[in-house]
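Engineer: Take a look at this one; I'll ask things after.
Laboratory data are not the source of any read-out in this text; all were calculated from the coordinates shown. Given the structure is predicted, the values throughout are model-derived calculations rather than measurements. Please note: Cβ atoms are built from the backbone with ideal geometry, for glycine as well, and neighbour counts cover all protein chains shown.
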Amino acid sequence: MTRAVLDQVSEWVAAHREESILEWADWIRQPSVSSDGTGFPAATEYGAELVRRSGLTPEVVETAGRPLVLGTSPDGPAGTPHVLIYGHYDVQPPGPLADWRSPPFEPEIRDGRMYGRGTGDNKGQHLAQLLSLRALLEVSGSLPCRVTVLLDGEEEIGSPSLAEAVRHRFPDGDGRPDLAVWSDGPVHESGRATVVLGVRGVVAFQLRVTGAVAPLHSGNWGGIAPNPAWRLVHLLASMRAPDGTMLIDGGHDGVTPLSPGEQAAFDAMPADVARVLRELGVDAMEPPAGLGYYQRLSQPTFTINSLTCEDAGEHRTIIPNVAVAKCDMRLVGGQRAADVMAAIRRHVARHDPAAEVTFGAAMEPHRTLPESRYTETVIRGAEAGLGQEPLLTPALGGSLPIAEFGDALGIPCYGIPFANADERNHAPNENMEVDRFLRGISGAAGVLLALGGAL
């Protein structure tokens, strides 16, 4: 019976193809930049209306920052799980407008792809989830299980309000979800569907070193006035060795080894390293040497995002008076953001006490083990809906606030990405393949039908 329902969902997607694409475009057209507030509060109202049109009861949850949008369904059939579907409706700033082929908030389809800010990150992906609910309700009259949708308005700035809202919304008791499902990030580089079991956490921070009261002539004052740029370079060099070894005491503490199931999943994933390096235009992977492609995604990282002397790009022959490095560390299972922040503070205090360190967005890592209760069911449902056996991926390279559900609520969390690997999220010309968006509707429905017990 459920297979017939899934076939009807696929027919619904075909019949509503143009309507769904237009709805996607309209959602992209509504700006929702959480970092500066562009498009708010209209974006929140729009998100709540999308939830309502998908057959759920919408609710706007006010926070100290951008609101959350909730959608709830009635209880499902007895014995079926309560599924929390997570997405985020905020987007990154556009970036350099000159680098966009079409304006970021004027969506355009070219060569089978929708271009615009938020196409894949995350409006197209959570809209596919919402449309799957609408399709299921229209073809069968009910959902196969109880569903709560949560759309985050602050994911792109670290979801600072999410933890408190989740604790308040789901206290101990029968109302808690049994598992969480999310669609974000890309499929495998080969284009093959994936089911993702974990995400890395992140700690973003800035190092700022100052010198004289103003920039100085490098001839008149060279050798006399201290150069903060050299101090900053030496401080950064004290944090990581050339071979990639972490030199911050405690910076990698707590890392939990991979379970046998996670290691087996990594070993089973195909990797064409030569092709990836060729497409990136580089000839080797980042140190340390000896790590496999996917093994690297299960390890912490330390990245310098930018270096500047606040010279407005003028590159004069001066001794700068300010030097700034923006950095991030990606965290893996067993690490905690607060511990990493404390280790960075101790290191800076030891090596350059006058340097200023400030922290930005932070998210905890999360791991759901392959042996978890719903893993096989989610894989089976994704395969039925997407028409392809998905790769089991232990960890997404990027970061999402999944720990706020997995750890805080003690539930397994599963990612079913729908976006193409070259979606260019966060960059100019962000895009998502139209067929992947439409196929995502059937994929999301397949997962819910499997969790309902008949697939």
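Engineer: Provide VAL447, VAL147, VAL61, VAL282 in ascending order of the number of other Cβ atoms located within 10 Å of each residue's Cβ, fewest first.
Structural biologist: VAL282, VAL61, VAL147, VAL447
Engineer: Normalised by the number of residues in the chain, what is the relative contact order in percent for Cα pairs under 8 Å and 6+ residues apart?
Structural biologist: 26 percent
Engineer: Please say if segment 137-247 is rounded, prolate or oblate, where rounded means a/c under 1.5 for a ≥ b ≥ c the square roots of the C-alpha gyration tensor eigenvalues, and otherwise the choice is prolate for a/b larger than b/c and oblate otherwise?
Structural biologist: prolate
Engineer: Please give the calculated 222 nm ellipticity per residue for the chain, where each DSSP H segment of at least 4 residues contributes -39500 (n - 2.57) and the sum is spread over every residue; nearest 500 deg cm²/dmol?
Structural biologist: -9500 deg cm²/dmol
Engineer: Return the sequence-ordered ³J(HN,Hα) values of segment 439-455 in whole Hz as given by the Karplus equation 6.51 cos²θ - 1.76 cosθ + 1.60 applied to θ = phi - 60°, using x for Gly and Pro.
Structural biologist: 5, x, 4, 5, x, 5, 5, x, 5, 5, 5, 5, 5, x, x, 10, 9
Engineer: Still on this structure, I have one more. May I have the extent of the alpha carbons of segment 111-173 along their three principal axes, as whole Å values ordered from largest to smallest?
Structural biologist: So the extents along the principal axes, rounded to whole Å, are 45, 36, 9.
Engineer: Now for a separate question. With +1 on each Lys and Arg Cβ and -1 on each Asp and Glu Cβ, and nothing else charged, work out how big the dipole of segment 24-77 is about its Cα centre, in Debye to the nearest 20.
Structural biologist: Dipole size: approximately 120 debye.
Engineer: Another one. How compact and how long is segment 351-455, expressed as Rg and Dmax of its alpha-carbon atoms in Å?
Structural biologist: For segment 351-455, the Cα radius of gyration and maximum Cα-Cα distance read 17.8, 63 Å.
Engineer: Oh, and also: Across bins of 10 angstrom width beginning at 0, how are the C-alpha pair distances of segment 362-424 distributed, in whole percent?
Structural biologist: 19, 48, 30, 3
Engineer: From the mean inverse distance of alpha carbon pairs (Kirkwood) and the Cα radius of gyration, derive Rg over Rh for the chain.
Structural biologist: 1.00
Engineer: Let me ask you something else. Translational diffusion coefficient, Stokes-Einstein: compute it for segment 388-436 using the Kirkwood radius over C-alpha pairs as Rh, at 37 °C and 0.692 mPa s, and state it as an integer in µm² s⁻¹.
Structural biologist: Diffusion coefficient, whole number: 249 µm²/s.
Engineer: Turning to a different aspect of this structure: Treating only the Cβ atoms of Lys and Arg (+1) and Asp and Glu (-1) as charged, compute the dipole magnitude of the chain about its Cα centre; round to the nearest 20 debye.
Structural biologist: Dipole magnitude for the chain comes out near 560 debye.
Engineer: Another one. Once the Cα gyration tensor of segment 415-455 is diagonalised, what are the square roots of 5 times its eigenvalues, in whole Å and ordered largest first, as equivalent ellipsoid semi-axes?
Structural biologist: With the √(5λ) rule applied to segment 415-455, the semi-axes are 27, 10, 6 Å.
Engineer: Before anything else, pin down the relative contact order of segment 327-455: Cα pairs under 8 Å, at least 6 apart, normalised by residue count, whole percent.
Structural biologist: Once normalised by length, the contact order is 29 percent.
Engineer: Please arrange LYS123, LYS326 by counting, for each residue, the other beta carbons lying within 10 Å of its beta carbon, fewest first.
Structural biologist: Ordered from fewest to most neighbouring Cβ atoms within 10 Å, LYS123, LYS326 come out as LYS326, LYS123.
Engineer: Rounding to the nearest 10 and keeping the result within 0 to 90°, find how far the Cα-based axis of helix 228-237 lies from the longest principal axis of the chain.
Structural biologist: Helix 228-237 sits at roughly 60 degrees to that axis.
Engineer: Mind checking the log10 I(q)/I(0) for segment 1-85 at q = 0.12, 0.13 Å⁻¹? Debye, one equal scatterer per Cα, no solvent, two decimals.
Structural biologist: For the requested q values the scattering log ratios are -0.52, -0.61.
Engineer: Using the Karplus curve 6.51 cos²θ - 1.76 cosθ + 1.60 with θ = phi - 60°, work out ³J(HN,Hα) for each residue of segment 403-414 in order, rounded to whole Hz, and write x for Gly and Pro.
Structural biologist: Couplings: 4, 5, 9, x, 8, 5, 9, x, 10, x, 10, 10 Hz.
Engineer: Given all pairs of different Cα atoms, what value in angstroms does the Kirkwood hydrodynamic radius of segment 41-157 take?
Structural biologist: Answer for segment 41-157: a Kirkwood hydrodynamic radius of 15.5 Å.
Engineer: Among ASN122, TRP230, TYR89, whose Cα lies farthest out toward the positive end of the dipole of the chain, if unit charges sit on the beta carbon of Lys, Arg (+1) and Asp, Glu (-1)?
Structural biologist: TRP230
Engineer: Name the residues whose placed amide hydrogens come within less than 5 Å of the amide hydrogen of VAL147, ignoring near sequence neighbours (fewer than 5 apart) on the same chain.
Structural biologist: Counting only residues 5 or more places away or on other chains, the set is SER73, VAL83.
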